[in-house]
Amino acid sequence: MSHALELISALPLGTRVVIRYRIDGGTTDALGDLTGRDPLHCTVATRSGDVVVKYDDVYLAKVVPPPPPRRERRTQS
């Protein structure tokens, strides 16, 4: 088992992660909260929706800090 898969299987659900995985033509990242695991896949809740990643496609994984607080909108005067 790769280090990335060991990390994913050991983390508690709700941990913020980034997972780099293979797609046709290269790789892409899923950044968000780890919300699910089963024997073949994991699910990451990203800002644009849930991403289901097959373990066979995982290249790298790591824990990331919480997002910075949103800044207030600047008003023009």
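Residues of the stretch 43-77 that are over 14 Å from Gly14 (Cβ atoms), touching a helix residue (DSSP H, G or I) at 6+ places or on another chain (Cβ under 8 Å) and either at pLDDT below 85 or of a type in the set (A, V, I, L, M) (or both): Val58, Leu60, Ala61. Taking the condition in a loop (DSSP other than H, G, I, E, B) and within 11 Å of the chain's Cα centre (by Cα), does Gly32 pass? When the stated conditions are applied, Gly32 does not pass them.
Residues in the stretch 20-66 that are open to solvent by 80 Å² or more (accessible area, probe 1.4 Å), without any contact (Cβ under 8 Å) to a residue 24 or more places away in the chain and more than 20 Å from Met1 (Cα to Cα): Asp24, Gly25, Arg47, Ser48, Asp50.
The values are calculated or read from the model by the stated rules, or taken from the named source; none is laboratory data. All values derive from a computational prediction rather than experimental measurement. Because the Cβ atoms are built from the backbone with ideal geometry, glycine has one as well, and the counts that use them run over all protein chains shown. What goes into the accessible areas is simple: the full protein's heavy atoms, side chains included, and nothing from ligands, DNA or RNA. Shrake-Rupley method; radii C 1.70, N 1.55, O 1.52, S 1.80 Å.
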